[in-house]
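Since the structure comes first, as structure tokens, the remarks are kept for the end.
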Amino acid sequence: MIVLSTRGHGVVYRFLLGSVAAKVLQESTCPVWTNPSLDEAPARKFIVHSVVCAVDLSPHSRNTVLRAAQIAEEFGARLTLVHITGGVEVYGPGAPYVVPEWKAEIVGYARREIAKLQQDLCNKAEVIIDSGNVCKLLNRAVDKAKGDVLVLGHMPCGGHLGENGSGYGIIRESHIPVLSV
């Protein structure tokens, strides 16, 4: 496992560290543990009561959920699976609006796929599904689940959370440790 911070002090240091962290996350073949910088994290004993697992519905999701379930079991922690679909807003005159039929179809598909995954893995974790800004909504789900660690899927040379490009953004925006498996 590789352990690294995602934030530093000062613009130049943060830029350089961010570049290094992104490269390590992109090319590593082993799990990577990233942590918010220590000056931003509250001083407290690290205890894992709740593991949140971001599920992207890629073929790698099975491995991600298995690893998250293993971690939750090791710590006697609660496991929550989270999937954030792309936004379903349509931009029209005046303001963007959500087409309810589109959202229902996309969320319904995600719910069915996660249910199949859970059935295959004999997993009964709580599931949260939402649509919109991945980083923002994943943090909201982490808060709702009172998450202590976030588990993301990691596909070397394929990025995090599949090809949606949000993986490094999720890691940078997370206020809890992230384990990329």
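Computed from the coordinates by the stated procedures, all read-outs in this text should not be read as laboratory data. Since the structure is predicted, the reported quantities are computational estimates derived from the model, not experimental observations. Every residue, glycine as well, gets a Cβ built from its backbone with ideal geometry; the counts of neighbours run over all protein chains shown.
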Check: Antiparallel DSSP bridges in the range 44-180: what percent, to the nearest 5?
Finding: 25 percent
Next item on the list: Report, in cubic angstrom per residue, the convex hull volume of the C-alpha atoms of the range 44-180.
Entry: 117 Å³
Item checked: Set of lysines with alpha-carbon distance to residue 144 below 26 Å, sequence-local pairs under 8 removed -> 45, 103, 116, 124, 136
Checklist line | Protection-proxy order for peptides 102-110, 72-80, each taking the mean of Cβ atoms within 10 Å per residue, highest first | finding: 72-80, 102-110
